[in-house]
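Only one structure is covered here, and it is reproduced in the block below.
The values are calculated or read from the model by the stated rules, or taken from the named source; none is laboratory data. Computed from a predicted model, the values in this text were never measured in an experiment. Note: ideal-geometry Cβ built from the backbone for every residue, glycine included; neighbour counts use all protein chains shown. Quick note on the areas: whole protein, heavy atoms, side chains included, nothing else; ligands and nucleic acids left out. Shrake-Rupley method; radii C 1.70, N 1.55, O 1.52, S 1.80 Å.
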Amino acid sequence: MQTLERELKYINPELIDFDKYNPRGEDRDAILKDPDFKDLVKSINTYGVLEPLIIKKNKHENFMYVLIDGERRLRASKSIPLSEIPVIVAESTSDGKILAYQLHMLRKMWTKIAEVKSVKGIINEIKSLHNQISDKELINIVKDITNAPQKKVKEFICLSLYDDKQIEYVIKKEVGISYLIETEKVLIPKIRKNFPDFKFTEEDIRSIIVKKAKLKILVNESRFLRREKKVEGYQFVDVLDDIISQKILESFFAELKMSISEVIDKYIKLKSGNTTEKSAKTSTKNNVSSPPNKNVPTSTENQGNTIIGPKSGSNGKQQDNGDYAKIILTPQQQTTVKDIQKKFEGKGKTFSEDELKYIQEALKCLNNGCLKAATLMIWAANISRILSFIEKNITQFNTISKDMKDTNVSFCKSFSKNFQHQAKNIEEIRQASMDRQVLCYICYLNIIDITQFDNLKAYYNTRNNCAHPTKVQLKPNEIIGMFENIFEYIFDNPKLV
């Protein structure tokens, strides 16, 4: 917290404007009618204001200051009226809100709703002051201010995304906070990623989920998106991961009483309809001879910017390559892989020769269910792109690497002591620097955020397990997710050019 002016000041209350967002949520009429307020007026008339108000300087021409804390004391002082009252002038709104929070919680003067609204104001102030703040950094700052356990801090941060009325539903136990947490962790990120032109905004989604939860349309509070009981093998997350289901999801948010079971039922019908249509087309194709596809390279050599596609027989099953122990992908996974391939093809012109070869090989392995090989190749493509970026300014790389090593930056202090910081060319970095160092470098530059950094670090561990004889068991969805995230974090990142 920044320093507050230490000395107490005495100023005319008429110079202070009221806070429009006081955490108690009380309006003027409610305060004036409250018997406790009348007692406060009598006390202040007799003894004066005993506890200073917290204010900050104001740019408004009619008032020199704006109130941060002490609405009842200010109204009482103006109603008497007093010529001066004690105040502490905060340097910023965030400092004032933090001090007010500490004072009220110490004396247990706030209700649970007022506490959450106060912390929400603090969180929003922190975000406005630090545009690029990571989730981890925000959690640590709020934890220091509130002295609350980490679980409670995460709930505060989640609730700060919702309006005051929705927060009251949660505090009053009319809506479980798990619905909100699941919405922020799973629902909104998946919709944002898979349906970029989705009809509803994030604020719409939050509001509708709260309404559905309040009406008991949603069930299984803690994991409402990942139901324990599947409908014919499908869960709501399957619908979220399939690009064909956008209209179904939009109808879910448009129709307040539509349940998750109804969404899955509609999705199953849509899938079965698509399967029937595809089978008819396949049957027609099998009755005629098809010309060879001239756009698919016959090897992993660089042939323009074409990405190698899946090899499949007329029966839809993958052909045996003989070189790998294959894992058969489900039809849904095969659809997702094709979507990933299209994304990479869209960026084909931006790939270097090395990147293109790695990506072609990675997609070929993924299409054939060779998950370990696919992991190694996509990771090599990922590092190749980062090294190309570093090569443009090796001096900056050395300077920042030394700074991370000397200052023990929080996200990399466990391994920064081994950072290389005297490289003369990119080959020295390629040979001597750990992959973790280059990940830390782009995180330090805010090219990726801390959550993306943590995910890439986990993928690096997976890559290492694949490169050595281990008993690691990979799942198709896990590696498909790795491909999608590496594309988003690295190859589709406008900062990494």
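Out of all the residues in region 462-480, which are in contact with a Lys or Arg (Cβ under 9 Å, 6 or more places away or on another chain) and open to solvent by 20 Å² or more (accessible area, probe 1.4 Å)? Across region 462-480, the qualifying residues are Asn465, Ala467, Val472, Leu474. Residues that are in contact with a helix residue (DSSP H, G or I) (Cβ under 8 Å, 6 or more places away or on another chain) and open to solvent by 70 Å² or more (accessible area, probe 1.4 Å) were ranked within region 330-348; the one that is modelled with the lowest pLDDT is Pro331.
Residue-wise test of (1) polar (S, T, N, Q); (2) more than 17 Å from Val337 (Cβ to Cβ); (3) out of contact with any Phe, Trp or Tyr (no Cβ under 9 Å at 6 or more places or on another chain); (4) at pLDDT 90 or above.
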| residue | (1), (2), (3), (4) |
| --- | --- |
| Ile448 | no, yes, no, yes |
| Leu456 | no, yes, no, yes |
| Asn461 | yes, yes, yes, no |
| Asn465 | yes, yes, yes, no |
| Lys471 | no, yes, yes, no |
| Ile479 | no, no, yes, yes |
| Asn485 | yes, no, no, yes |
| Ile490 | no, yes, yes, yes |
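Taking Tyr441, is it part of a helix (DSSP H, G or I), more than 25 Å from Pro189 (Cβ to Cβ) and not aliphatic (A, V, I, L, M)? Here the answer is yes, as Tyr441 does meet what is asked. Picking from residues in region 407-434 that are in contact with a Leu (Cβ under 9 Å, 6 or more places away or on another chain) and modelled with pLDDT of 85 or more, the one that is farthest from Ile139 (Cα to Cα) is Ile426. Within region 150-178, the set of residues being of a type in the set (Ser, Thr, Tyr) and open to solvent by less than 20 Å² (accessible area, probe 1.4 Å) comprises Ser160, Tyr162. For region 448-461, check the following and say yes or no: at least one residue is open to solvent by 20 Å² or more (accessible area, probe 1.4 Å), not in a helix (DSSP H, G or I) and not acidic (Asp, Glu). No; the residues of region 448-461 include none that is open to solvent by 20 Å² or more (accessible area, probe 1.4 Å), not in a helix (DSSP H, G or I) and not acidic (Asp, Glu).
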